[in-house]
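Chemist: Quick one: structure below, then a few questions.
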Amino acid sequence: MTEQSVTVAGSAVGGETVTATAPQDGTPDTRVSVKPKNNRAWFLVLPVVVSVAFTAVIPLMTVVNFSVQDIFSPDDRIFVGLEWFRSVSRDPEIRAAFVRTLLFSAQVLLLEIPLGVALAVAMPRRGIWVSVALVLVALPLLIPWNVVGTIWQIFARADIGLGGWTINNVLGIDFNYTLDSTDAWITVLIMDVWHWTPLVALLAYAGLRSIPDPYFQAAQIDGASAWATFRHIQLPRLRGVLTIAILLRFMDSFMIYTEPFVVTGGGPGNATSFLSILLSKIAVGQFDLGPAGAFSLLYFLVVQIVSYVFFTVLTRAGR
Amino acid sequence: MALVLDGVRVRQRGETWLHDIHLELSSGMTTLVGPMAAGKTTLMRVVGGLLPPDAGRVVVNGKDVTAISVRKRSVAFVYQQFINYPSLSVYENIASPLRIARSFPKKDMDRRVREVAEIMGIGDLLDRRPAELSGGQQQRTAIARALARPVDVLLLDEPLANLDFKLREQLRGDLKNMFRDSPGVVLYSTADPAEALTFASPTVVLGEGRVLDMGDVADMYAQPPTLAVAATLSDPPLNLLPGVIREGRIECLGSSFPSPGAHDSGRNVVLAVRPHQVTIERSGSEVLEFPAEIRLAEVTGSATFLHLLLADGRHLVAQLPGTQLFTPGERAVAYVDPAHIFVFDEVGGRLLATSAAEVDLHG
Amino acid sequence: MADIRLEGVGHSYDGGRTWALKPMTWTWRSSRAYALLGPSGCGKTTLLNIISGLLSPTVGRIWFDDREVTAVPTAGRNIAQVFQFPVLYEEMSVYDNLAFPLRNRKYPKAEIDQRVRRVSQLLGLDDHLRRRSRRLDPGRQQIVSLGRGLVRSEVAAVLLDEPLTVVDPALKWTLRSKLKEIHRDTGHTLIYVTHDQTEALTFADEVVVLNEGAIVQAGEPTELFLSPAHEFVGHFIGSPGMNVVPAEIADGVVRVAETDVGRAVGELEPGPVHIGVRPEFARLGGEGTSPGLPVQVMEVDRMGAYNLVHVKAGDHPVIAKTEADARFAPGTVEFLHLAPDRTFLFRDSVRCGSIAPLDAGEPLDSIAPLDGKGAP
């Protein structure tokens, strides 16, 4: 009981401390702080710090190491400076993949954000159907990504896939994603929309739920149409949430790997060879660790910069 | 002095919220009164240690606590919103500060919790959760929690503002008795001047981030040193009229009275008179007369608020006793006894004079 | 402007176990300014939401004039509602906020402009018309909210749910008077919900006092103040509210702790009773004349314009309102005079009689009651 109370009272919920303790010793803490500081917290975080260091930070340093060396074999390597960075940024195949990935991300955002918001607006705000709706909407998010890829790989097949077969034989349109580039692109795009729109919808739904009832009541009283209510009450309140949704979806779609790899393997040709797929080909397939290292770092840098720009633009627009 | 603020200044996002605050408060209750956005909450947060000041010091019982984080100070807060731990019972809520303070003997804890609950009148609600209580009961739980462990400084930020009018009246009386003999400093903020008058404790008047005045609230009411203080301590709001000093008399809208004190001729002044000092019956020879048209009469039963439109478009509000019926559009004459007028300097609002007969609020 | 008639309207939030609003029949007469006054949880917001259509009553029917609107949704009822906190379209300017209800209803542009400017002038918003509503302080935002409710002229009623909660105390007085003036000029039916008796009394033509889901008494502010029919009304109205002193009737005499206070007026059985007298009508000091009793002065609150003297009648605390310069010292004994036509007797919280001086000079059993049992 004592422990529970200490934790409840010691945690700075929202930065407010309701009551405080008398000075335990005579020496004051000379750091002036707004939020209560608890040194014990650092010890709790230590295991995470160690494992992240081990699994991410140190390997990242290894990548940096590779990116500035030409490696023939583990014992045979020479320092080449920024050579790989230069050649990677000039490589036409990599440039094409970059454009392709950018195009894909743009289309993903254009489709998923409006669709997600529309879904959120349509979901019920109270009553028993709330839980049902939430579960249904969240289902695609719960499926492991390679399984998502497998589902769509089969679904879109022209011969045994329900979707592919329907399009070819019921709608009369020729559709074969293994042969046609456009068909492959569309398949991957629609799969991503199916998989990730629920995330946007759930985020937007949380944002919408925070709007107090009187706002909707006032809109009713003012005779506002559904569209006017959306435009003037719901949309302005969604700004913060949408910023997060856009950022997340951009980063994820720009780095997409599993799903398209399972469905098309990057093909036909390189129609769906996004940056990450190309990178894995170079690093794992060809074992060109030098160029792969440089590629990785540049990739990382691009994602950081674009995300930062996005974030700044979106939050500034809010002020 | 138990609590001293020395030159405290707070700036946030380019705006100064508190300008150079100097205060010396002794133990017992002190009321902090001021309108919205005067800086009351900011001041309390600085005193409590939630907000470090950009300049100045906070000294409690002789010790400089400015740099000490709130967790190490002996401070308790009661907020306007009823803040309680929602998952704990009332008993546990009140006991929580006692449990954290490892120096509080466990065997005394139960006795203390029950004692404080009894004082706050929630002795029979100890098993309930805050969500099951009414607003008044929740706030009393919050206050009980703040009282559980004796602290050096108890801060209450407009604690009754979210309660019903009648409940407020009732709790005000309870709190006044409770804090009167407190060994620590109790700082109570309010935007309601009537509340400040009820508490009749040493009062600090705050306005626009500055201390406008400090002292006995009845004195400040009777002799406000500045227009800002007079306006803050008036409910209903003060009537303000323009005046000019000319040859020993103060002229105002066609009427005049002898100017108390010698002041330069031609000087513009602001005359302030409280609504209950405006009558519609002539009560003496040397009174100010303002012909007016009746715009509105608000009758509450115990008083009638008469809104008068003066010749030059100004408004005057008279508070008349009892129920008096009027027809809007009727003509009337408003009378003001110069004895009840405050004359303020036009620039800076300093009180230049009150008249001969002062209202003596001390018996 | 319409008469709003409620017939047997009641509401329960938990399927009939408890009634937030007990079935009631009441008519809100057109063009009057009403205050719906009561403590938290008394059902006033429930009642307001039923009138506006935001809540469908569990039982009962509602008419606007001759049109039954029980099943008609909010948009079709043509009412305006102002909430406790500012409800604004934050991205829009003040002008657009005010124009919004009119634009939705496809009013011609010239008329919209005219109405918006008129309301803006009434409420003192002229300097802020072009500003984004989000940038105003809460008090002004609430004024804009209010303005949006007033732009449509043919609303059946304007419903205000504790609208001045977020407004600065000094501004509250100005806004209340302004509302009253607007009401006089426009003739809208106004229903103003509040727990603040000062607000209710200064604002309304008629005050409806609600407690625990039922109307306790309704009438003009003066009437409720001078003639409360129920102890609750006596307590809730007035600041401070009516004093309630436990007493006893024996042989037609009202007695407080062995002291004869006055003669009971009204057909009353002997037994316990409550004396109700407002602080304004409890006069302290001077020669002891009936009705009244000696009391001990405990404490004096100096409120500036008047004093509140706390005394003890027997064991019971009583408050008397006196002039600001009256002098009473704690610890002394003074005589408390009870104004005979303003002091009432209550049994089971309902008014049942009043008090007369002890030596009125007439036989006790031939005195007719001064006023009746007092029902709304």
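The values are calculated or read from the model by the stated rules, or taken from the named source; none is laboratory data. Computed from a predicted model, the values in this text were never measured in an experiment. Virtual Cβ from ideal backbone geometry, glycine too; neighbours counted across all protein chains shown. For accessibility, only protein heavy atoms count, side chains too; no ligands or nucleic acids. Shrake-Rupley method; radii C 1.70, N 1.55, O 1.52, S 1.80 Å.
Chemist: So, of the residues in the stretch C:132-183 that are under 15 Å from C:L122 (Cβ atoms) and hydroxyl-bearing (S, T, Y), which turns out to be most open to solvent (accessible area, probe 1.4 Å)?
Modeler: C:T174
Chemist: Here is a further query. Can you tell me which residues in the stretch C:241-265 are open to solvent by 20 Å² or more (accessible area, probe 1.4 Å) and touching a Pro at 6+ places or on another chain (Cβ under 6 Å)?
Modeler: C:E248, C:A250
Chemist: A further question follows. From the list C:N97, C:N78, which one is more than 25 Å from the chain's Cα centre (by Cα), within 11 Å of another protein chain (Cβ to nearest Cβ) and within 30 Å of C:M24 (Cβ to Cβ)?
Modeler: Just one listed residue meets the conditions, C:N78.
Chemist: Still on this structure, please answer the following. Looking at B:L271 and the list (1) in a helix (DSSP H, G or I); (2) open to solvent by less than 30 Å² (accessible area, probe 1.4 Å); (3) closer than 28 Å to B:P328 by Cα, which single condition is not satisfied?
Modeler: Result: B:L271 passes all but (1).
Chemist: Something else now. What is the residue count in the stretch B:78-88 for residues that are closer than 17 Å to B:V186 by Cα and either among the hydrophobic types (A, V, I, L, M, F, W, C) or at the interface with another protein chain (Cβ under 7 Å from one of its Cβ atoms) (or both)?
Modeler: Looking only at that region, the number is 1.
Chemist: Scan the stretch C:208-231 residue by residue and report those that are at the interface with another protein chain (Cβ under 10 Å from one of its Cβ atoms) and either part of a helix (DSSP H, G or I) or charged (D, E, K, R) (or both).
Modeler: Matches in the stretch C:208-231: C:E220, C:P221, C:T222, C:E223, C:L224, C:F225, C:L226.
Chemist: Being over 14 Å from A:F250 (Cα atoms) and either under 23 Å from the mean Cα position of the chain (by Cα) or small (G, A, S) (or both) is the filter here, so list the residues in the stretch A:280-300 that pass it.
Modeler: Listed by number, the residues that qualify are A:S280, A:K281, A:A283, A:G285, A:G290, A:A292, A:G293, A:A294, A:F295, A:S296, A:L297, A:L298.
Chemist: Then there's this: Within the stretch A:194-224, how many residues turn out to be more than 9 Å from chain C (Cβ to nearest Cβ) and either among the polar types (S, T, N, Q) or open to solvent by less than 20 Å² (accessible area, probe 1.4 Å) (or both)?
Modeler: Total meeting the criteria: 11.
Chemist: Here's something else I'd like to know. Restricting attention to the stretch A:268-296, which residues are surrounded by fewer than 19 Cβ atoms within 10 Å (Cβ to Cβ) and at pLDDT 85 or above?
Modeler: A:S280
Chemist: Let me ask something else about it. Residue under question is B:L171, and the condition is that it be in a loop (DSSP other than H, G, I, E, B), at pLDDT below 90 and open to solvent by less than 20 Å² (accessible area, probe 1.4 Å); does it hold?
Modeler: Considered against the rule, which asks whether it is in a loop (DSSP other than H, G, I, E, B), at pLDDT below 90 and open to solvent by less than 20 Å² (accessible area, probe 1.4 Å), B:L171 comes out as no.
Chemist: Inside the stretch C:160-199, can you point out the residues that are touching a Ser or Thr at 6+ places or on another chain (Cβ under 7 Å) and within 9 Å of another protein chain (Cβ to nearest Cβ)?
Modeler: C:D161, C:R176, C:H195, C:Q197, C:T198
Chemist: Could you tell me whether any residue of the stretch A:161-176 is more than 26 Å from the chain's Cα centre (by Cα), closer than 18 Å to A:E259 by Cα and surrounded by fewer than 19 Cβ atoms within 10 Å (Cβ to Cβ)?
Modeler: Among the residues of the stretch A:161-176, at least one is more than 26 Å from the chain's Cα centre (by Cα), closer than 18 Å to A:E259 by Cα and surrounded by fewer than 19 Cβ atoms within 10 Å (Cβ to Cβ), which makes the answer yes.
Chemist: For the subset of the stretch C:266-279 comprising residues that are of a type in the set (D, E, K, R) and open to solvent by 50 Å² or more (accessible area, probe 1.4 Å), which member is nearest to C:L201 (Cα to Cα)?
Modeler: Selected residue: C:E267.
Chemist: From the list B:G266, B:G301, which residue is at positive phi, free of Cβ contacts under 8 Å to residues at least 40 places away in the same chain, assigned to a loop (DSSP other than H, G, I, E, B) and surrounded by fewer than 20 Cβ atoms within 10 Å (Cβ to Cβ)?
Modeler: B:G266
Chemist: Name the residue that is nearest to A:P236 (Cα to Cα), counting only residues in the stretch C:120-131 that are open to solvent by less than 20 Å² (accessible area, probe 1.4 Å) and outside any helix (DSSP H, G or I).
Modeler: Only one residue fits best here, namely C:L129.
Chemist: Hey, another quick one. Counting only residues that are surrounded by fewer than 17 Cβ atoms within 10 Å (Cβ to Cβ) and in a strand (DSSP E or B), which one in the stretch B:5-19 is farthest from the other protein chains (Cβ to nearest Cβ)?
Modeler: B:H19
Chemist: Please identify the pairs in which a residue from the stretch B:96-117 that is of a type in the set (F, W, Y) has its Cβ atom under 6 Å from the Cβ atom of a residue that is open to solvent by less than 60 Å² (accessible area, probe 1.4 Å), counting only partners at least 6 apart or on another chain.
Modeler: Once the first residue is of a type in the set (F, W, Y) and sits in the stretch B:96-117, its partners that are open to solvent by less than 60 Å² (accessible area, probe 1.4 Å) give B:F104/B:L98.
Chemist: Right, next: If a residue must be free of Cβ contacts under 8 Å to residues at least 40 places away in the same chain and on the phi > 0 side of the Ramachandran plot, how many such residues does the stretch A:251-287 contain?
Modeler: Counting residues in the stretch A:251-287 that are free of Cβ contacts under 8 Å to residues at least 40 places away in the same chain and on the phi > 0 side of the Ramachandran plot gives 3.
Quick grid of which residues meet (1) at pLDDT 95 or above; (2) among the basic types (K, R); (3) part of a helix (DSSP H, G or I); (4) open to solvent by 20 Å² or more (accessible area, probe 1.4 Å):
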residue	(1), (2), (3), (4)
B:L32	yes, no, no, no
B:M36	no, no, no, yes
B:V58	no, no, no, no
B:R71	no, yes, yes, yes
B:E92	no, no, yes, yes
B:S96	no, no, yes, no
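Chemist: Now for a different question. For C:G76, are the conditions met, namely being open to solvent by less than 60 Å² (accessible area, probe 1.4 Å) and at pLDDT below 85?
Modeler: Yes, satisfied.
Chemist: Write out, first by first residue and then by second, each pair whose Cβ atoms fall under 8 Å of each other, whose residues are 6+ apart or on separate chains, and whose first residue, in the stretch B:20-48, is within 14 Å of chain C (Cβ to nearest Cβ) and hydroxyl-bearing (S, T, Y) while the second is open to solvent by less than 60 Å² (accessible area, probe 1.4 Å) and not in a strand (DSSP E or B).
Modeler: What qualifies is B:T31/B:E195; B:T31/B:A196; B:T31/B:F199; B:T31/B:S201; B:T31/B:V217.
Chemist: Would you pick out the residues in the stretch B:278-296 that are surrounded by 21 or more Cβ atoms within 10 Å (Cβ to Cβ) and within 13 Å of chain C (Cβ to nearest Cβ)?
Modeler: Correct list: B:V278 only.
Chemist: What residue, of A:S210, A:S225, is among the polar types (S, T, N, Q) and within 19 Å of C:R103 (Cβ to Cβ)?
Modeler: Exactly one residue qualifies, and that residue is A:S225.
Chemist: Name the residues in the stretch C:129-181 that are touching a residue at least 60 places away in the same chain (Cβ under 8 Å), of a type in the set (A, V, I, L, M, F, W, C) and in contact with a Leu (Cβ under 6 Å, 6 or more places away or on another chain), would you?
Modeler: Of everything in the stretch C:129-181, those that are touching a residue at least 60 places away in the same chain (Cβ under 8 Å), of a type in the set (A, V, I, L, M, F, W, C) and in contact with a Leu (Cβ under 6 Å, 6 or more places away or on another chain) turn out to be C:V158, C:L159.
Chemist: Here are B:V75, B:V113: which of them is away from chain A (no Cβ under 12 Å), crowded, with 20+ Cβ neighbours inside 10 Å, at negative phi and out of contact with any Pro (no Cβ under 8 Å at 6 or more places or on another chain)?
Modeler: Exactly one of B:V75, B:V113 is away from chain A (no Cβ under 12 Å), crowded, with 20+ Cβ neighbours inside 10 Å, at negative phi and out of contact with any Pro (no Cβ under 8 Å at 6 or more places or on another chain), namely B:V113.
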